[in-house]
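Some notes on the structure that comes next.
The values are calculated or read from the model by the stated rules, or taken from the named source; none is laboratory data. What you see is a predicted model; the values in this text were computed from it and never measured. Glycine gets a Cβ as well: all are built from the backbone with ideal geometry, and neighbour counts include every protein chain shown. With ligands, DNA and RNA removed, areas are computed over all heavy atoms of the protein, side chains included. Shrake-Rupley method; radii C 1.70, N 1.55, O 1.52, S 1.80 Å.
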Amino acid sequence: MKLIEHSDLDILMRVLRGEGYTVVGPTVRDGAIVLAELTGADQLPTGWGVEADAGRYRLVARDDEMTFGHAAGPGSWKSFLHPAHERLTTAEWDESGLVFHAAAEPPPRYAFLGVRPCDLAAMGVLDGVLARGAYPDPSYTARRDGVFVIAVNCTEPGSTCFCVSMGGGPKAGAGYDLAMTERLDEHGHRYLVDAGSTAGQQVLDRLPHRPAEPTDVAGADADLSAAAEKMGRAMPEVDLRQLLADNRESPHWDDIASRCLSCANCTMVCPTCFCTTTEDVTDLTGDHAERWRRWDSCFNLDFSYLHGGEVRTSTASRYRQWISHKLSTWHDQFGTSGCVGCGRCIAWCPAGIDITEEAAKLVDSHD
Ligand code: SF4
Ligand code: SF4
């Protein structure tokens, strides 16, 4: 375990940019902490935190200078790996006839700085869906291959977080190149850094660093244990896969439907929701056509359209589909849960619907 100073984050970003990476990380914009391309450490959200609750998200000034002392914002790394709107093909008429062109320019080589452990787990879930299946998605794999991941262990969970009960935090699991734990006290502002890959070690070797003191390692471990105890929420400790399978006809779905707006916010902010639709567009000349892919949602009525009509016409059936897929049938399809406990769907639901609370109500009604 090594130690770097806070002032060395700029050098880290310079090294990554020098290696050809586009560095993406958290920054303050429009009253939230969002993910965006960064060119310097001064763009990181130092001194900013977040207050979140069901249907509520507020950016707040911290009373210290922590840089990664905030829970997940509205955006996730999914936006960079599986963009919300993406051109798949174009077609043109020329002298030889109709000519198709494959998508676009090669994607940037990303370095993701500040990946929370829940979001690292979410990237693993997305990999299972879009990269490791029988039909890997070429756009996703082109973006995902070679991403340099700098995880930041979570010492400050928000009140909507429940990664511990989903097994994804507060310490980063496998899949990072570097993992950092931020420490800020009378001894300074610094990061314990652990290399998880050869590429990570090579970058770390180029930074000013020193061996971590045993007191720093023990302090970081204590901070992470405290964070695990401070999780704002928890999933009920039951077999969620079976719970949802046993509750297909629960009257509770109508109760949720009386509150749910079917707005799809929960699926848009979720770092693992991956559903898309395709759209073909032409220009007025008829000489040029494009096929686009954009995010879709199981909360949209036409998402379940089959010949002759939609299958899930009620909000109750659409919410049931979403939560059952997340917590139950995802296991059948992909071998994991579809939820990593990031809490975004709770904070960004305009009706304040809380996936942990709805699961707990199903447990109660089932007993
Ligand atoms: S379902 Fe909600 S808590 Fe779970 S990963 Fe998606 S947004 Fe996060
Ligand atoms: S659960 Fe909330 S965020 Fe999701 S569709 Fe319903 S109202 Fe929208």
With 257, 245 as the choices, which residue is open to solvent by less than 40 Å² (accessible area, probe 1.4 Å) and more than 16 Å from ligand 2 (Cβ to nearest atom)? 245
For residue 263, the lone unmet condition from (1) within 14 Å of ligand 2 (Cβ to nearest atom); (2) open to solvent by 60 Å² or more (accessible area, probe 1.4 Å); (3) farther than 28 Å from residue 80 by Cα is (3)
Strands (runs of 3 or more DSSP E) lying entirely in segment 1-86 (those with 1 or more residues that are modelled with pLDDT of 95 or more and closer than 30 Å to residue 278 by Cβ): 22-29, 32-37
With the requirement that a residue be in contact with a Pro (Cβ under 6 Å, 6 or more places away or on another chain) and among the charged types (D, E, K, R), what does segment 192-236 give you? 230
Scan (1) surrounded by fewer than 19 Cβ atoms within 10 Å (Cβ to Cβ); (2) in a helix (DSSP H, G or I); (3) not hydrophobic (A, V, I, L, M, F, W, C) for the single condition residue 318 breaks and write down its number. (1)
Of (1) over 22 Å from residue 131 (Cβ atoms); (2) in contact with a helix residue (DSSP H, G or I) (Cβ under 9 Å, 6 or more places away or on another chain); (3) surrounded by 13 or more Cβ atoms within 10 Å (Cβ to Cβ); (4) in contact (Cβ under 8 Å) with a residue 40 or more places away in the chain, residue 365 satisfies all except one. Which? (3)
Inspect segment 326-340 for any residue being open to solvent by less than 20 Å² (accessible area, probe 1.4 Å), within 15 Å of ligand 2 (Cβ to nearest atom) and polar (S, T, N, Q) and give the result as yes or no. no
